[in-house]
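Written below as structure tokens is the structure these notes are about.
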Amino acid sequence: MGTVGAWRRAHDEAVVDLDESPNAAAGGGSQHGPPTTAGTRATPIDVEALGDEGSSRAKIKRRVAVVDLEADADQECSGDARTTISHLIGGNKRRKVPPVICLSPDREERFSNQRNSTVRVSTPSANAAPKEPTFTCPVCLNKMELSSVTSCGHVFCDKCIQAAIKAQKKCPTCRKRLGPKSYRRVYLPATADQV
Amino acid sequence: MVDVSRVQKELTECNRDSDISGVSIALHDGGSSITHLTGTIAGPRDSPYEGGTFRIDIRLPGGYPFEPPKMQFITKVWHPNISSQNGAICLDILKDQWSPALTLKTALLSLQALLSAPAPDDPQDAVVAQQYLRDKATFVSTARYWTEAFAKSDSTGMEEKVQKLVEMGFPEDMVRSALKSVNGDENMALEKLCSG
């Protein structure tokens with residue numbers, strides 16, 4: 001949970017930054033100054049917002065309160081947070097989604113629906129992910145070990161095709177003539193339903 | 001050495017749908033050797049072998065599945081590609097056309113297909129093949145007679161045996177498959193049912 005909290009805080013700050021620049025641009029400069037000035041101001045104000053302890057702390061406090069509300073749904077929340085984080089690695093767009101929705105309660109409800117659907121989608125994939133795709137070797141009828149492909153394109157265990165070539169010099173599936181070097185290792189991908 | 005795990009898998013797989021496929025495999029005479037088996041095939045429909053149950057002796061050589069299984073009819077059968085004397089079979093996949101990707105089940109299914117479609121140009125039994133080519137009607141009636149005489153002999157009174165075993169408390173489908181696998185021997189079927 002420590003990491004989750006840390007992530008939340010960091011995340012909230014990031015949102016504060018994003019909120020800050022348009023607000024500053026709208027309230028501060030845009031009324032009197034030309035748009036270009038507002039544009040140039042955007043950067044210093046951003047830095048200011050980071051430096052200005054008072055305002056950013058206030059924002060953080062507000063955010064924290066929101067997070068506390070969210071924490072009412074205690075267990076559910078922790079579970080969701082974990083799921084969300086796992087989804088968010090590398091997903092910038094998604095990263096913005098949770099706090100925005102958390103701000104208003106009616107949206108939160110929608111969000112929780114969304115979350116539920118996300119959880120439902122993520123659970124099977126999370127279960128399926130560690131499961132290796134299994135292919136059966138047509139020779140030993142066991143799970144394929146060190147899958148190897150022949151020059152005619154048929155796949156067997158390494159030791160099975162080796163033994164088959166030694167015995168018959170033919171492909172077990174299509175009977176094409178094969179020499180001792182007519183096969184090589186092949187690395188099979190995950191099956192389509194796991195993506 | 002014989003790949004025991006593969007043979008066990010094959011037996012399970014083959015006997016799972018034996019009602020539909022018409023072929024099944026059991027250890028020979030209820031023995032314990034995995035290299036000596038007995039296959040059973042149902043005579044194919046629309047052939048002179050229809051209604052018969054044919055037993056096949058199966059021996060697995062040490063190199064199995066890289067060497068073909070040795071198969072021979074135990075039940076006497078009148079067919080151009082099967083010896084009427086000793087049941088020896090002339091079928092390419094049991095010789096040079098064997099492949100380790102084939103299984104005992106596919107081999108038995110091939111035998112079933114061979115019963116449906118004799119190949120008299122490559123005979124095992126020259127006398128039968130001659131008859132098949134010159135006098136098809138006589139061939140068919142002889143083959144049918146042999147089926148009646150040898151492939152059904154043990155199945156007379158089958159319903160009574162089934163009835164008797166069902167009354168002992170075994171499910172009917174299990175009784176039928178047990179009787180079928182031991183070619184109608186009531187005592188052996190009972191033994192099989194008791195051993196599970």
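Counting lysine pairs in chain B that sit 8 or more residues apart in sequence, or on different chains, and whose Cα atoms lie under 18 Å apart gives 14.
Would you work out the relative contact order for segment B:48-196, in percent, from Cα pairs under 8 angstrom that are 6 or more residues apart? Provide the component values of the computation, followed by the final result.
On the way: 196 pairs, mean separation 33.4, N = 149.
Averaging sequence separation for qualifying contacts and normalising by length gives 22 percent for segment B:48-196.
Distance from the Cα centroid of segment A:142-195 to that of segment B:91-136 is 29 Å (rounded to whole angstrom). Potential lengthening of the chain between B:Gln130 and B:Ile93 amounts to 11.0 nm, from the contour at 0.36 nm per residue minus the alpha-carbon distance. Counts of other chain beta carbons within 10 angstrom of each beta carbon in peptide B:95-104 average 5. How big is Rg to Rh over segment B:102-158, alpha-carbon atoms, Rh as the Kirkwood inverse-mean-distance radius? Taking Rg over the Kirkwood Rh, I get 1.05. At q = 0.12, 0.15 Å⁻¹, work out log10 I(q)/I(0) for chain B with the Debye formula, treating every Cα as an identical point scatterer and leaving solvent out; two decimals please. Rounded to two decimals, the profile gives -0.60, -0.92. Each of B:Met71, B:Val4, B:Val128 was scored by the projection of its Cα onto the charge dipole of segment B:4-151, and the greatest displacement toward the positive side belongs to B:Val4; charges sit on the C-beta of Lys, Arg, Asp and Glu.
Each value in this text was obtained by applying a stated rule to the coordinates, not by laboratory testing. What you see is a predicted model, and the numbers here were worked out from it, not measured in a lab. Neighbour counts are summed over all protein chains in view; Cβ atoms, including those assigned to glycine, are modelled from backbone coordinates with ideal geometry.
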